[in-house]
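One structure below.
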Amino acid sequence: MTTHILTTDVLVLGGGAAGVNAAIAVARKGLDVILIESQGCLGGSRTATGVDTFYGFYTPGEQTRRIVGGIPWEIVQRLAKRKACFERPNTYGAGTGITYDVEQLKIVYEEMVLEAGVRLLYHTYACQVNTENHELQSVVVANKNGLTKICASHYIDTTGDADIAARAGAMFEKSDPSEMQSLSTIFFLANVDIQQAKTMNHQELARKMREANQSGAYRLPREDGSWHITPNPGVVQCNMVRVPGVDATDPFALTLAEVEGRRQAQEYARFLKEQIPGFEQSFLIATSQHIGIRETRRIIGEYVLTEEDVVRGAKFEDAIACCGAPVEDHHSGRETRWAYVQGDGYYHIPYRSLVPKQLKNVIVAGRCLSATHGAQASARNSAQCMAMGQAAGVAASICLDEKTRFSEINVKRLQEELLQQEVIL
Ligand SMILES: Cc1cc2nc3c(=O)[nH]c(=O)nc-3n(C[C@H](O)[C@H](O)[C@H](O)COP(=O)(O)OP(=O)(O)OC[C@H]3O[C@@H](n4cnc5c(N)ncnc54)[C@H](O)[C@@H]3O)c2cc1C
């Protein structure tokens, strides 16, 4: 039984890359917004999971250029002001990344959300919905107060898993667990001799992993994982763990994945220390507080973005963000499948890919967008998730102003407002 009731203009569910940007965008329009987050910090995959590099701001390749602006770029500038980030030019794969100090990003996100006037609720889990005639009436959340009903005019689902949109009746796709992208526990090692470690390139490291597996002395499921420097001297971030075949919306499977991910992190740390020059004196200082989830539910929206759209660099009239990041499919094998964007090196994410088909007052943003498995493996990059969040937030403010549903707003107006906010379209 719910004992408390809260009301707001817009309820944002999930404070990851997408949710933070969505909430800031709504609040800056002068509306009341509540942002709920199940963990005790903002950022989701960007912080709690330990991922510390924004990809997607720049297109890969020789002729690299920045294609994401707006609030996401403001976040980067705030990090730069704190000397808490640096660019890693054109590393293999996704193009130039922006590597940051995870602890500083938590603070920057909080500063910006609170400055904008967002009502922030940590340690709060969205559980149930009450829907009438395809319109979400309220969401029940659980926290130390017990159950609270939150009633809003419009809802932005940025849970990554489309928890609320799905419960409210949105259609969605979920790959078979054997095809879903693998989960990864990120870990950090300290006391690494960086100069020495850098003498071994990526291919050589992969070869060492293969040999280690073949020797039978180690169990390393992924052989093309990588490490990179962080803003902190002697500290490196390692993205090597691979836990395949997991549907992360299944709580028991997710729990076992956390256990397996931490076990693998220990194994990779042992391998690096024993086998790779520069790591001899290293030690494990952290594993992610939440295993990294790349893919679960993808809603079926007004438009389903396809891998073909991604690869040919498709452009859409209802563009709300640009993406040049390649398809990076962490399938269950030992390597990763890559497919690059052709043409002028970027494609558009259409507004329709954020709008669930059946629901009137719910929009999604982030990795649960309406996309096929292959397209999601590109559009899920963090700069794009943040850009989608900003667009969803502005769309919600327009819905309130025009007293309409998400599928019926004036998209030209949305694009004009985004351009005024220095979004690149
Ligand atoms: C291991 C890994 C490595 C990656 N590496 C990179 C990289 O190097 N560069 C890059 O750009 N991208 C990378 N990505 C992709 C990118 O980080 C994510 O796709 C993106 O950050 C997802 O953002 P999101 O906001 O959509 O979802 P999430 O980050 O998953 O955020 C969802 C938030 O909602 C909260 N939440 C979920 N359910 C509920 C609920 N029911 N109630 C309340 N709160 C809830 C979660 O706690 C979380 O904070 C990586 C992803 C992973 C998993």
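Read phi for every residue in the range 164-170 and hand back ³J(HN,Hα) as whole Hz from Karplus 6.51 cos²θ - 1.76 cosθ + 1.60, θ = phi - 60°, with x for Gly and Pro.
After applying 6.51 cos²θ - 1.76 cosθ + 1.60, I find 7, 4, 5, 5, 7, x, 5 Hz.
State, as an integer percentage, the relative contact order of the chain based on alpha-carbon contacts under 8 Å between residues 6 or more apart.
Reported relative contact order: 23 percent.
In terms of modelled amide H atoms, which long-range or inter-chain residues lie less than 5 Å from the amide H of SER138?
Residues meeting the criterion, in which the H sits 1.01 Å from N, are ASN130.
Return the long-range amide H neighbours of ILE285 (sequence gap of 5 or more, or a different chain), with a cut-off of under 5 Å between placed amide H atoms.
PHE188, LEU189, ALA190
For the range 381-387, take each phi angle, set θ = phi - 60°, evaluate the Karplus expression 6.51 cos²θ - 1.76 cosθ + 1.60, and give the result in whole Hz per residue in order, putting x for glycine and proline.
4, 5, 4, 6, 4, 5, 5
Taking the Cβ of LEU256 as the centre, find all other residues whose Cβ is under 12 Å away and add up their charges (Lys, Arg: +1; Asp, Glu: -1).
-2
Give me, ordered by chain and number, the residues 5 or more places off THR7 or on other chains with an amide H under 5 Å from its own placed amide H.
CYS151
Mind jotting down a quarter of the surface of the convex hull over the alpha carbons of the chain, in square nanometres, one decimal?
19.1 nm²
Using DSSP to define loop residues, name the trypsin sites (Lys or Arg not before Pro) in the range 1-110 whose beta-carbon has at most 10 other beta-carbon atoms within 10 Å.
Taking the range 1-110 and a limit of 10 other Cβ atoms within 10 Å, the loop trypsin sites (Lys or Arg not before Pro) found are LYS83.
What spacing in nm lies between the two simple spin-label points modelled at ASN232 and LYS83, each 7 Å away from Cα in the Cβ direction?
1.7 nm
With the calculation restricted to Cα positions, what are the radius of gyration and Dmax of the range 301-422 in angstrom?
Cα-based Rg and Dmax for the range 301-422 come out at 14.5, 50 Å.
P(r) for the range 187-287: what percent of alpha-carbon pairs falls in each 5 Å bin, starting at zero?
2, 13, 23, 23, 18, 10, 7, 3, 0
Can you give the alpha-carbon Rg of the range 375-425 over 2.2 N^0.38 Å, where N counts its residues?
Compared with the compact-globule rule of thumb, the range 375-425 sits at 1.21.
Taking loop as defined by DSSP and a crowding limit of 15 other beta carbons within 10 Å, which trypsin sites (Lys or Arg not before Pro) in the range 210-267 fit?
Sites meeting the loop and neighbour criteria: ARG219.
How large is the convex hull of the Cα atoms of the range 1-40 per residue, expressed in Å³ as a whole number?
About 79 Å³ per residue, rounded to a whole number.
Please state the relative contact order of the range 187-287 as a whole percent: Cα pairs under 8 Å, 6+ residues apart?
41 percent
If you restrict to DSSP beta bridges whose two residues both lie in the chain, what percentage is antiparallel, to the nearest 5?
Roughly 65 percent of the beta bridges in the chain run antiparallel, per DSSP.
For the range 194-207, take each phi angle, set θ = phi - 60°, evaluate the Karplus expression 6.51 cos²θ - 1.76 cosθ + 1.60, and give the result in whole Hz per residue in order, putting x for glycine and proline.
Couplings: 4, 4, 5, 4, 5, 6, 9, 7, 4, 5, 5, 4, 4, 5 Hz.
Mind pulling the angle between the C-alpha long axis of helix 411-420 and the longest principal axis of the chain? Nearest 10 degrees, somewhere in 0 to 90.
So the inclination is approximately 60 degrees.
Mind running the shape call on the range 230-275? Use the C-alpha gyration tensor, a ≥ b ≥ c as the square roots of the eigenvalues: rounded below 1.5 for a/c, prolate if a/b tops b/c, oblate otherwise.
Prolate, since a/c reaches 1.5 and a/b exceeds b/c.
Can you tell me the order of 294-304, 391-401 when each peptide is scored by its average per-residue count of other Cβ atoms within 10 angstrom, highest first?
Listed from highest to lowest mean packing, they are 391-401, 294-304.
Label points 7 Å out from Cα along the Cβ direction at GLN266 and THR306: separation in nm?
4.7 nm
The numbers here are math on the coordinates, done by the rules we state, and not lab data. Treat the numbers as computed from the prediction; the structure is a model and nothing was measured. Methodologically, a virtual Cβ is constructed for each residue, glycine included, from the backbone with ideal geometry; neighbour enumeration extends over all protein chains shown.
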